[in-house]
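Take a look at the structure set out below.
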Amino acid sequence: MEAERKAMHGDADILACPQEKITYKIGNKVICCLEGARIGVQFETSFAGEPYEFYHCVLKSKSFLQKLTVLEHSSIFPAYT
């Protein structure tokens, strides 16, 4: 909820997507609202202090009361179901 607090105060860490979608930059993560009740998360890993690789995940839910489902990802972590 730190991201929400920053959004209300117009913090510089909030980005504007070219398509005018709500986007937050929190640490090494970028979180963006996508069309069709989807959320995109992109994050950067580093090795020895240098940028290493980017990963992404797209989540979707039928409503805000239901759990999110992973639609696609490029994560290095194993998927558990």
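Since every read-out is calculated from the coordinates, none of them should be taken as a lab result. Predicted model, so just to flag it, every value in this text is computed and none were measured. Using ideal geometry, Cβ is built from the backbone for each residue, glycine included, and neighbour counts are taken over all protein chains shown.
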Mean Cβ neighbour count within 10 Å, used as a protection proxy, ranking 30-37, 49-56 highest first: 30-37, 49-56
Expressed in nanometres to one decimal, the distance between label points 7 Å along Cα→Cβ at HIS56 and ALA37 is 2.2 nm
LEU71 long-range amide H proximity, modeled H, under 5 Å: VAL58, LEU59, LYS60
HN-Hα couplings for region 25-34 via Karplus (6.51, -1.76, 1.60; θ = phi - 60°), in whole Hz with x for Gly/Pro, come out as 10, 10, x, 9, 10, 10, 10, 9, 6, 10
